[in-house]
Structures are given as structure tokens and as C-alpha cells.
Ligand code: SER
């Protein structure tokens, strides 16, 4: 059988997974592009990433044989995307053995899949191995019948570790021979050669070592297999295409944009590059957005932003003036959403994220491009070929124009940029902003003193989970960044105690207020914070007497304030859970504020919330409140916590030992203070739901006393409205509807009367037409309610005064409106309504313009109406031929 060139990328992916499933492998879903629980790795680059804990023997895998098609993203070559081969996003097909089979089976399966399932000709396939691996070449001879000399030994056949440390091992790479036509023609051309002939398609890694940070290697507890094959490349080989961009996986997107922009693919090198950029970046952006990445100025967010900006610019090069990323996203989602279902479920959110950033950037791009063009013109004239660093910096700093883009555009036109000059400008800017922030100085002084205190005394014991009062010893006092041994009232200071019931602001919950009192003095705590890990600091003022280091004080947290805060904190957990239950696991907390007065919760959401969603959420939370679940806290290792399914903050690095707070079905990692039971929350009500950024929604809500007060106020408002309307409260809505209907009818009638009145006014003007140079001219002040009616009047008079000129002015309160109508026949005799309106408008202190036969204008100078109308007549006299 020969290769089936009609297989689509999607079918090839399915064949791979099905083949390995038939060999006892469990199909694993792709893990997220954002590596789970590992803020040190930017984005997932290989299928084995989700297998690392299993390879290292730290976690038990769901199965010892697994297979997947993994979403991968490689950032190294972003600027190269646009050529025929580079992709940022790609899919990696892989099979994995965790201590189960090893080299023999890995090679057997790969060989069988390529030659028996895909029917690739054996003589096109060339295995390579690591020079120190004697077993792999033996197996290739046995399994696939290669002669020993046909197996190429390459030093580079070693894979990993993926980061600074991790699993690694020798590998065997399978190359596909595209034929001599692609080759360099050298006699020693073989796999590993730089030329285009031999293409690496599959990497079989024999994962058997752990490499430490210092480079030393130790054997792993078990020997594993990790293989990876790029789906796009494999598809290119099978479909017999020149480039990955010609496979249906990417060509579908290219064709869509070739049609939209009427730029056939393959006609022109420049537009081809732009089409390829849009195809690659379109896929990347959709997948990144689906996995929760949002545009920002650092890390993943910056990669996202950079790619999006590049895509928008290439869209512009193709002549796309209107936003187009939504179209790109829809094409990608239609193409890939059956397998990666997260694309379909989040379609709306993805499009919102892309469109918002696209809109923001388009503006920047237009301004930046025109400035840059001027700059390049200028340099050309002065015969210079380097853009000065300050100019690059100015574009970036003042106009938000990305440096990479300046560089890219400059390079396209044969310019370079002065990178070190740019760096210098950047540094100067940073120094300026440092100098500007004098507050930071005071803070730095405090921090220095506090660091010393922490070193000397260790961390502060927190008593506030169980109580609100305590007897504590004053460990240190800080005034204006200096440690002091005593203070006298009145004096602002920082107080550090050995132990305290005051909660320091963290995890969104604000710090406690209260008093520190001794027989000698009283200190009012106005805020509590933890500027250094483990050190609780009381900020406030000594209002009476003295306070000395060594004093014993009675610490009292204001109870009401803390109780209200705890209600809001516990309610925040219930809200988080209710949102996840309703919208799915894509809901991730992005921020929260827990105050006594209210709570605020920011989260990623696959879609905006409807009012039905909100009432469902309110209902659910209040039900949990009435169920009066006990709130339980446990201290446990982070791994155990994750096993219980505890909700954790996205991207947050947690300590090994964490505190887990659970109430009902909500389990969350949290260091905050909570009610004893959910019943203590009292009641919950959402008061606002808004969008604060693309894909991020914000809920503001009230609990307990604040919720009661809110509902009471609402009720009173309704009662006041009812009494104004003189109906019962349940009749308010019907009555308001009725009033609105009446109002519409009344407005309609007013318009009707105004028209009639305008008509009558207009008709009365006919008699006043003046003869100027043989034509009838009406130049008059009328009273029209708005510009539209004034226009109607002008048109009506034009019809009633054939071969005439009509100039009407009306005082609309804020301004004088002007309407000019000239019989079209007169426009041939030198009269132009637009010009006339311009001249008269100017006389009124404003402007005017329009068509030759009909124009509008206006101004604010009310004293100029009469002279302006005289000017109109003179205009007719002077210009009529
Ligand atoms: N880890 C190897 C790679 O990324 C094989 O999956 O190429």
C-alpha cells in the first residue's frame, strides 16, 4: 500500500492516538500551555512535561502507558515566523512509558506506526542514535532490518533536561529523506546535515537519568520512554507538501485570509510572509487565550502581546484596515475545536480577549507607524542608516510602539537600530522614576529596620485565628525608619509584638484595626501589614502616654470590623465555588478584596454572566449559608492539599506546608480568618457584575449587616417612588410603563406641532423674499426647535421659491444654527451653498459647509446674527454670474 496523501491533520492525529491505544496506552488529554503548578516554566514545550513527576517517581501516573497530542509553544524563533518552516504553536504526538516498556518496544511501535499504519516507504526512513548507545542500533537492525553502517551516530542525540534540571537520556531520532532534489549535493550528506534533504520527524527518548543543577547525572528509579513527533511536520510529509504551511492544518487559515484580502497565496513573497504570520500567530493566540493567558507586559502575557501585535501589523500590510483577529480565531476554532474542546466552550471569551487587545493596539500602531515612517524618511535624506537609540525609546515610551516592531520594520527597509543607545535612554528613565518616588525611600528605610528586627527576634506568632484579644510584649518600635526604645504621645510609629491577634493584610483580606493599651499609654492600630514574610507590623499612632520596648500591652482587635470582614471572606470562598460549579474549571481567581463593608472578586470567565447566572449564584450561596456548614481548617503538605482538589491561586508559589480551609463543598488554600460556620455569614447579595479586562469579570457583593442595609435602602427607595407615583409598591412597574408610554405620545405630539408651526413660519417668509440681482433671496431668523426642523424649513422654502436662495438662522440656545439652500440651477451661476455657509458660519464665530445646493453651519456669537444675514445677501450679490 502507498501513502494516503488525502489524510487530514486531524485524521493523522486520530490514527496516532488510536494506534497507541490499541497497544494498551491510555489517551491523555493535552495539558495546558501554561504549565501547572510551575511558575518557573513559561509555556509547555513538550508532551513529556506533564509526565515529569511520574518519570521522577514523585507521583503515581494514571497508567504506565500513555499517549497524547500535546499543545506546545516555543518562543525562541518568534521573529522568524513568516518563513516556510517556523511555527510558534505546534502539536506534539507522543507515547510514554513510565517504568513499563523500554527501547525495544518504543522502536517496534514507532516503526510499525510509520510503515504499517501510515505506509511510509522504509527506504525513506533513517534512524539515528547516540554514539554511546550500543543497544539502539542493535534493535534497529533486528526490528527494521537496517545495516549497522546505515544507522547514523550523532552526538546531539541526547534529550533533556527540559529546564535547569530534570530527566534526560540518549535518544534515537527518525529522519525522513525528502529526496536528492532537496539536498546539498555533498557526498557525505546524511541525517544531521544542515541542508533540507533529511528532515527529523520523530524523537524517541530513552529517559533514564536525572540531571542535577550542577550537571551531574544519576539513574532514575525506573527507565522510561518519551517520544515526540510534530504533527504539522508529519502531516507535511504524508500530504507530500513543501512546507508545514501547505498542510491543511495551516493552509485552511491562509486560504481564508487570502480570500478576504484578495491576495492569492504564492503570488508574492511579501504577502505570503504576512499570510503565514497570521496563520501561525492566529493559532497561537487562540490557544494561549484558551489556556488563560492574557496580554500584559511580562512573562507569558508579554509573549501573547508581542505575537498579537505582530499579527496585527502583518494584517495591516495585507491591507486589512478593520479588526480581523475574531475572524482568524473563528477559523482556528472551527478547524481544531473538535479535538481541543476548550476552544469551542470558550469561543466568546477568546474572541473578546483578542478583539479588545487588537483594538487597543491598532491605535498605537497607526500613530507609531506614521512617526516611524517620517523618521526613516528623514534619516534617508540625511543618508543615515541607524535609528538613534533615543528615537527608538521615544517611540516606545511615549507612544507605546514595541521595540521589536521598530527593529523589524527598520530591518525591512535596510535600517538598523542603536540598541545600546536605547538601553541608555531606558536606564535614564528608570533613574528618573526612582528619584520621583520619594515615598519609596521612607519605605526602604522602614524595611531596613524591619529586616534587622526580624533577624533578631524571628517571626511574629499570630493568635487571631482563635481570638481577638491577647496580652503581648513590645519587641520593637520604629519611627521614621529608625528603631527607638520608647515613644511619647502624640507619635506615629510601627509596633512589633512577640505575638498578636491582629491579622495582617494578605490574600485580599485587609489588615485589622484596634488598640494596644497598657497602664502607661494607648496606641491606635490603623493598619496591620506583613512587609516581610513572617513579621506582623502594627501601623498607627500613640494617642496617650508612653510606650516602651519591653512593655506588656493588651491587644484588642475591633470586633465588629473583623466579624464583618470574616463574613465577606467566607462568602468569597463560597462565591468562588459557586462560579466554578456554574461556569466550569476555567474560572480562576485573579484577585480579591475582602473588607468589612464589601467583597470584590475578580475571575477569568469563559463568558459574561447573565442575570439568570447571577440569581442562580446568589441562590446557591444563600442555600449554603442556611445549610450552616462548619468551617474547618487543616494544615497539611501541599501535595495532600492538591489531592483533595483544593482550589489554589493560579501561578502562585505555595510553601510546602499549607493551610486548607473547607466549608461544605468548598476547599481552598487560604491563610485568612473565617466564620465558624457558614450560617454566620447571615446573607449574601451580588450588587454588581462588570468586565474589568478582556476575559476577566468582577463581582462585588455584600454580606451580613451590609446586605441587610442594602436591601432596606432598596425597599425604602421603592416606597418613595411608589408614594411619588401615588400607587402601592407592587404597582410601581405598571405605573412607570404607563407614564413612559404617555411621555412618548406627548413627545410625538410636540414634534407634530413644531413641524406645523415651522411650516407656517416658513410660508410667511415667502412674502419677504428680496430681489437681489434678479433672483429671490430669503435671509431670515426663524425659531426652530432643532437643526433637523430648521433643515426641513430650508428645503420647504427652496421648493416654494424656485430659482432662489434661502439662508435661515435659528437660536438653539447653546448656539446659532444655520441652514443654506440654493436652487441647483443657480449653482452653475457661481453660487455655492457650502461656501456661503462657510462664510456666514465664520461671521457667527463658528464654521459651515456642505454640498453646493444644501449646507449647514453655525456659531456661538448671538450678536452677529443680523450682520451675518447681511453678509449672506452680499455674498449672493458678489458671486452671482
Ligand atoms: N521530549 C522530546 C522532545 O521534546 C520527545 O518528546 O523532543
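Looking at the structure I just gave you, is residue 34 at pLDDT 95 or above, more than 14 Å from the ligand (Cβ to nearest atom) and within 30 Å of residue 648 (Cα to Cα)? No.
Can you tell me which residues in segment 485-501 are out of contact with any helix residue (DSSP H, G or I) (no Cβ under 8 Å at 6 or more places or on another chain) and free of Cβ contacts under 8 Å to residues at least 60 places away in the same chain? Matches in segment 485-501: 488, 489, 490, 491, 492, 493, 495, 497, 499, 500, 501. Between 362, 420, the distinction of being touching a helix residue (DSSP H, G or I) at 6+ places or on another chain (Cβ under 8 Å), in a helix (DSSP H, G or I) and surrounded by fewer than 14 Cβ atoms within 10 Å (Cβ to Cβ) belongs to 420 only.
Reported count of residues in segment 59-68, each being within 12 Å of the ligand (Cβ to nearest atom) and part of a loop (DSSP other than H, G, I, E, B), is 0.
Taken as a whole, the condition of being modelled with pLDDT of 95 or more, under 24 Å from residue 759 (Cα atoms) and more than 51 Å from the chain's Cα centre (by Cα) applies to residue 808.
Looking at residue 841 and the list (1) part of a helix (DSSP H, G or I); (2) closer than 16 Å to residue 790 by Cα; (3) in contact (Cβ under 8 Å) with a residue 40 or more places away in the chain, which single condition is not satisfied? Answer for residue 841: the failing condition is (3).
Here are some residues: 266, 282. Which one is more than 16 Å from the ligand (Cβ to nearest atom) and outside any helix (DSSP H, G or I)? Let's see the steps before the verdict.
Values: 282 fails: outside any helix (DSSP H, G or I).
Going through 266, 282 in turn, just one is more than 16 Å from the ligand (Cβ to nearest atom) and outside any helix (DSSP H, G or I): 266.
Looking at the structure I just gave you, is residue 467 surrounded by fewer than 18 Cβ atoms within 10 Å (Cβ to Cβ) and without any contact (Cβ under 8 Å) to a residue 60 or more places away in the chain? For residue 467, the condition - surrounded by fewer than 18 Cβ atoms within 10 Å (Cβ to Cβ) and without any contact (Cβ under 8 Å) to a residue 60 or more places away in the chain - is met. Scan segment 666-686 and report the pairs whose first residue is on the phi > 0 side of the Ramachandran plot and whose second residue is not in a loop (DSSP other than H, G, I, E, B), with Cβ atoms within less than 8 Å and a gap of 6+ or a chain change. These pairs meet every condition: 682/567; 682/625; 682/703; 682/704; 682/705; 682/707; 682/708. Just one of the listed residues (266, 292) is in contact with a strand residue (DSSP E or B) (Cβ under 6 Å, 6 or more places away or on another chain) and on the phi > 0 side of the Ramachandran plot, namely 292. Quick check: anything in segment 534-547 closer than 26 Å to residue 468 by Cα, surrounded by fewer than 20 Cβ atoms within 10 Å (Cβ to Cβ), touching a helix residue (DSSP H, G or I) at 6+ places or on another chain (Cβ under 9 Å) and in contact (Cβ under 8 Å) with a residue 12 or more places away in the chain? Yes, because at least one residue in segment 534-547 is closer than 26 Å to residue 468 by Cα, surrounded by fewer than 20 Cβ atoms within 10 Å (Cβ to Cβ), touching a helix residue (DSSP H, G or I) at 6+ places or on another chain (Cβ under 9 Å) and in contact (Cβ under 8 Å) with a residue 12 or more places away in the chain.
Of all the residues in segment 205-250, those that are more than 23 Å from residue 174 (Cβ to Cβ) and either within 16 Å of the ligand (Cβ to nearest atom) or free of Cβ contacts under 8 Å to residues at least 12 places away in the same chain (or both) number 8. The single residue among 530, 600, 580, 561 that is more than 27 Å from residue 655 (Cα to Cα) and out of contact with any helix residue (DSSP H, G or I) (no Cβ under 7 Å at 6 or more places or on another chain) turns out to be 561. Taking segment 74-129 only, how many residues are away from the ligand (no atom under 16 Å from the Cβ), within 30 Å of residue 268 (Cα to Cα) and at pLDDT 95 or above? Looking only at that region, the number is 0.
Among the residues of segment 39-58, those that are in contact (Cβ under 8 Å) with a residue 12 or more places away in the chain, more than 15 Å from the ligand (Cβ to nearest atom) and out of contact with any strand residue (DSSP E or B) (no Cβ under 7 Å at 6 or more places or on another chain) comprise 39, 40, 42.
Just one of (1) in a loop (DSSP other than H, G, I, E, B); (2) modelled with pLDDT under 95 fails for residue 304. It is (1). Inspection of segment 815-826 finds a residue satisfying the criterion of being crowded, with 19+ Cβ neighbours inside 10 Å and assigned to a helix (DSSP H, G or I).
Checked against the criterion of being under 24 Å from residue 71 (Cα atoms), in a helix (DSSP H, G or I) and in contact with a helix residue (DSSP H, G or I) (Cβ under 8 Å, 6 or more places away or on another chain), the candidates 390, 357 yield just one match: 357. Evaluating residue 335 against the criteria (1) crowded, with 19+ Cβ neighbours inside 10 Å; (2) within 24 Å of residue 409 (Cα to Cα) leaves one unmet condition, (2).
Just to be sure before I move on: is residue 140 under 46 Å from the mean Cα position of the chain (by Cα) and either surrounded by fewer than 20 Cβ atoms within 10 Å (Cβ to Cβ) or modelled with pLDDT of 95 or more (or both) in the structure I sent? Against the criterion (under 46 Å from the mean Cα position of the chain (by Cα) and either surrounded by fewer than 20 Cβ atoms within 10 Å (Cβ to Cβ) or modelled with pLDDT of 95 or more (or both)), residue 140 does not qualify.
Among the residues that make up segment 558-577, is at least one of them farther than 20 Å from residue 685 by Cβ and in contact with a strand residue (DSSP E or B) (Cβ under 6 Å, 6 or more places away or on another chain)? Taking every residue of segment 558-577 in turn, at least one turns out to be farther than 20 Å from residue 685 by Cβ and in contact with a strand residue (DSSP E or B) (Cβ under 6 Å, 6 or more places away or on another chain).
The condition (being touching a residue at least 40 places away in the same chain (Cβ under 8 Å), surrounded by fewer than 14 Cβ atoms within 10 Å (Cβ to Cβ) and either within 17 Å of residue 300 (Cα to Cα) or away from the ligand (no atom under 15 Å from the Cβ) (or both)) is satisfied by just one residue among 71, 27: 27. Counting the residues of segment 695-722 that are outside any helix (DSSP H, G or I) and surrounded by 21 or more Cβ atoms within 10 Å (Cβ to Cβ) gives 6.
When segment 191-229 is limited to residues that are out of contact with any strand residue (DSSP E or B) (no Cβ under 8 Å at 6 or more places or on another chain) and in a strand (DSSP E or B), the one that is modelled with the lowest pLDDT turns out to be 221.
Scanning segment 789-811 for residues that are more than 19 Å from residue 824 (Cβ to Cβ) and surrounded by 15 or more Cβ atoms within 10 Å (Cβ to Cβ) yields 789, 790, 809, 810.
Can you work out which of the residues in segment 151-180 that are assigned to a loop (DSSP other than H, G, I, E, B) and in contact with a strand residue (DSSP E or B) (Cβ under 7 Å, 6 or more places away or on another chain) is nearest to the ligand (Cβ to nearest atom)? In this case the residue turns out to be 160. Answer yes or no as to whether residue 447 is under 39 Å from the mean Cα position of the chain (by Cα), under 27 Å from residue 670 (Cβ atoms) and either modelled with pLDDT of 95 or more or part of a loop (DSSP other than H, G, I, E, B) (or both). No.
The values are calculated or read from the model by the stated rules, or taken from the named source; none is laboratory data. In this text the structure is predicted, and so the values were computed from the model without any measurement. Positions of Cβ are backbone-derived with ideal geometry, glycine not excepted, and every protein chain shown enters the neighbour counts.
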